[in-house]
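In what follows, a structure is listed as structure tokens, so that the remarks can point back to it.
The values are calculated or read from the model by the stated rules, or taken from the named source; none is laboratory data. Note that this is a predicted model, so its numbers are computed, not measured. Methodologically, a virtual Cβ is constructed for each residue, glycine included, from the backbone with ideal geometry; neighbour enumeration extends over all protein chains shown.
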Amino acid sequence: MGRDRHPNAVLLIGLGRFGGTLAETLQRMGHDVVAVDANRVIVQEWSGTLTHVVEADATSEAALRQLGAEGFDRAVVAIGTGIEASLLAAGTLLDLGVPEVWAKAITRQHGRILERLGVSHVVYPERDAGERVAHLLSGRLLDFIEFDKGFAIAKLRAPRSVCGQTMAEALPRRRFGVTVVGVKRPDGEFGAVGSDTVVNQDDLIIVTGPTPEVERFAAATA
Ligand code: ATP
Ligand code: ATP
Ligand code: CA
């Protein structure tokens, strides 16, 4: 691949459960993915599913150069448990000038070091999945995403405190600090919510706001 540029391709290091799912999803979405793993068995397992799978040690600058890493605008380091390998791979990709490097971290400490190296996005899949399942398990939330630090969007059954009145009367933003952005009637599709929309107890709603407010809104009102 030499010094060719691959502006729309993603270089993915590590085909574990997280990296493998990420690679497969990106490819399905139409992105070019070049996936790298040091383990020959894993490379073979994925070679039927992914178009470009390469066996290489991503901690080696020579190996990364050989597969043209410096031509990628985006790379993801999806090595978790080997923290040393994760840091070496991320550092080498940054040294080679890859502008956007994402990396998976398994602990806060790991994540902080990745950030200090210059990694642009640190993700914590195990921690995020744990938080998400806690929200779903705890009751009324049917779906929940914290899409930024401290800011969430959730799907839930309409709490009684906002039912039977218009949004202008129920004032969820003033009373609870959340915004109702969507409503689904029992027999309908999701639609937009305006100040004259009335929600009922058998409707599903989408709310967004600071995570503690979304949690309080869902929990406090049966
Ligand atoms: P997951 O939880 O997503 O399954 P993990 O966090 O447990 O993964 P590992 O299993 O340690 O992470 O690593 C993921 C993949 O990265 C493995 O398939 C492993 O072979 C690969 N890998 C580890 N070190 C390197 C390296 N230096 N170069 C390339 N690939 C590597
Ligand atoms: P994660 O990726 O979420 O960190 P994992 O999928 O790699 O976790 P393990 O680390 O193998 O999973 O197991 C998670 C926890 O479950 C460990 O703390 C382990 O001690 C515990 N555990 C494993 N087997 C049992 C068991 N039979 N009974 C109770 N606890 C167990
Ligand atoms: Ca894991």
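Worth pointing out:
- Out of ASP143, ASP128, ASP148, sole residue that is in contact with an Asp or Glu (Cβ under 8 Å, 6 or more places away or on another chain) and either more than 30 Å from VAL98 (Cα to Cα) or among the charged types (D, E, K, R) (or both): ASP128
- Residue in region 100-111 that is among the small types (Gly, Ala, Ser), more than 29 Å from LEU26 (Cα to Cα) and surrounded by 13 or more Cβ atoms within 10 Å (Cβ to Cβ) present: no
- Residue match in region 18-31 (condition: under 22 Å from ASP4 (Cβ atoms) and over 21 Å from the mean Cα position of the chain (by Cα)): no
- Residue selection: ARG112 fails the criterion of being of a type in the set (Lys, Arg), within 16 Å of ligand 3 (Cβ to nearest atom) and either part of a helix (DSSP H, G or I) or more than 23 Å from ARG17 (Cβ to Cβ) (or both).
- Residue in region 142-159 that is in contact with a Gly (Cβ under 9 Å, 6 or more places away or on another chain) and part of a loop (DSSP other than H, G, I, E, B) present: no
- Candidate set from region 183-222 (those that are crowded, with 17+ Cβ neighbours inside 10 Å and small (Gly, Ala, Ser)); member that is nearest to ASP148 (Cα to Cα): GLY209
- Checking THR21, THR81 one by one, the residue that is within 16 Å of ligand 3 (Cβ to nearest atom), loosely packed, with under 14 Cβ neighbours inside 10 Å and in a helix (DSSP H, G or I) is THR21 and no other.
- Against the test of being outside the structural domain of GLY209 (by TED's automatic domain parsing) and either farther than 27 Å from ALA23 by Cβ or within 16 Å of ligand 1 (Cβ to nearest atom) (or both), the options ALA134, ALA154, ALA170, ALA105 yield a single qualifying residue, ALA105.
- Top-ranked residue of region 132-141 - restricted to ones that are exposed (fewer than 14 other Cβ atoms within 10 Å of the Cβ) and touching a residue at least 12 places away in the same chain (Cβ under 8 Å), ranked as nearest to ALA90 (Cα to Cα): SER138
- Among the criteria (1) out of contact with any Ser or Thr (no Cβ under 7 Å at 6 or more places or on another chain); (2) without any contact (Cβ under 8 Å) to a residue 40 or more places away in the chain; (3) closer than 24 Å to ALA105 by Cα, the one GLU24 does not fulfil is (1).
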